[in-house]
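FYI, it's all coordinate maths here, none of it is from the lab. Keep in mind that what you see is a predicted model, and the values were worked out from it rather than measured. All Cβ positions, even for glycine, are placed from backbone atoms using ideal geometry, and neighbour counts span all protein chains on display.
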Amino acid sequence: MSVAKIIELVASSDKSWDDAVRAAVAEAAKTVRGMRGVDVQDWTARIQNGRIVEYKANVKIAFGVEEEPGA
């Protein structure tokens with residue numbers, strides 16, 4: 001049997017949406033083991049003076065549930 005947990009993150013970048021997604025995955029990787037996939041839920045951006053100044057990505061990251069030893 002395979003069971004996964006899902007966490008939702010919002011990350012931003014001044015470069016691109018792709019960079020924002022990569023930042024979310026990299027940050028999650030610091031504390032989450034067994035990540036299996038990322039699902040981009042939403043793309044948004046902040047505009048200033050007619051230009052995009054911040055790209056934002058809302059993502060869901062799936063990771064495996066670890067079994068307790070002896071379970």
ask   = Given the Cα-Cα distance of residue 6 and residue 26 and 0.36 nm per residue of separation, how much length would full extension add, in nm?
value = 5.6 nm
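What 222 nm value per residue comes from the helices of the chain, counting each DSSP H run with n ≥ 4 as -39,500 (n - 2.57) and dividing by all residues, nearest 500 deg cm²/dmol? Please report the intermediate quantities before stating the final value.
Details: 1 runs with 13 residues, N = 71.
-6000 deg cm²/dmol, from helical runs alone.
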message = Compute the angle between helix 17-29 and the longest alpha-carbon principal axis of the chain, please, reported from 0 to 90 degrees and rounded to the nearest 10.
response = 30
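Based on Cα coordinates alone, diagonalise the gyration tensor for the chain, multiply each eigenvalue by 5, take square roots, and list the semi-axes in whole Å, largest first. Spell out each step's value before the answer.
Working: eigenvalues 200, 21, 10 Å².
In descending order the semi-axes read 32, 10, 7 Å.
How much net charge surrounds residue 48 when only the other residues with a Cβ under 14 Å from the Cβ of residue 48 are counted, with Lys and Arg +1 and Asp and Glu -1?
Details: positive: 46, 51, 56; negative: 14, 54.
That works out to +1.
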ask   = Which is farthest toward the positive dipole end of the chain among 41, 63, 4, measuring Cα position about the Cα centre, with Cβ charges +1 (Lys, Arg) and -1 (Asp, Glu)?
value = 41
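Provide the net charge surrounding residue 58, with neighbours chosen by a C-beta distance below 11 Å and charges set as Lys +1, Arg +1, Asp -1, Glu -1. Working shown, then result.
Working: positive: 56, 60; negative: 8, 39, 42.
Every neighbour counted, the sum reads -1.
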ask   = Any idea how far the Cα center of the stretch 35-67 sits from the one of the stretch 1-29, in Å?
value = 6
ask   = Remind me, relative contact order of the chain in percent, using alpha carbon pairs under 8 angstrom and six or more residues apart?
value = 43
